[in-house]
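Remarks on the structure that follows.
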Amino acid sequence: MAPPPPPAAAAGLKAVNTKRYTLAALLATLAVAAIVTTFFVLLCPARITFSVAHTGSSHNSSGPAGGGGGSSVLSLTLAADNPSRRAKVTYESMFVDVSNSTAPGAQWDNWVRATVTTRMPRRQPGRTAAIDVTVPLVDAPWTQDFTGNMSSRFSVMVTAQARFRVGVAWTRLYDIKVSCSPVSFFTEKAIPGGAAAAAGGAAGLPVRCV
């Protein structure tokens, strides 16, 4: 049987092994950190932007001529833009509110919940997706007040939940909330009397949401 190594040699061997273990642990930590960083970078959600691409309005008279009883519908199309080439987005839910004011601090004193007619969940495989929205209004004094006799400019609030897919991996749900203003649903021809000048004409489209 070989004699045990001298104490000095044993101490040196132990020190070398300790350094190897320390180096191996450090390399393993760096590798895990690199994997985690890469994972979060790949799954970082894309920056989705919204804009109001189209607006319009229509009126239906269901009662006798001059007897009222009709209804109006405000309509708009949202354009959702996903600039990422690697992250696909799915909108799980979306709500749109319309306010008849663009003044800061007073925008949501008088508002209505719109109807998102595009079916949800909505997958967006390409860069841009169109989302259709309507605001049904029954003819009444309140409707004239809300629309400013077809001269108001409006604010549109979009609240959505979305998740992103990179390869086969899905992210958690992300909350999206943006506001778009000023938005006009009426053309100058539809605005009665001299209200067109007061309204300043229809706001130019698209209206970017922030």
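The phi torsions of segment 129-146, fed into the Karplus equation with coefficients 6.51, -1.76 and 1.60 and a -60° offset, translate into couplings of 10, 9, 10, 8, 9, 10, 10, x, 10, 7, 4, 6, x, 4, 5, 5, 5, 5 Hz, rounded to whole numbers, with Gly and Pro shown as x. Label sites at R119 and T29, each approximated as a point 7 angstrom past Cα along Cα to Cβ, lie 5.3 nm apart. Computed from phi, the 3J(HN,Hα) profile of segment 147-153 under the Karplus parametrisation 6.51, -1.76, 1.60 (θ = phi - 60°) reads 8, x, 6, 6, 10, 6, 9 Hz, with x in place of Gly and Pro. Take every Cα pair under 8 Å whose residues are at least 6 apart in sequence, average their separation, divide by the length of segment 147-188, and the relative contact order is 47 percent.
Quick note: the coordinates plus some simple rules give every number you see, no bench work behind them. Quick caveat: nothing in here was measured; it's all calculated off a predicted structure. Every residue, glycine among them, receives a Cβ derived from its backbone with ideal geometry; neighbour counts consider all protein chains shown.
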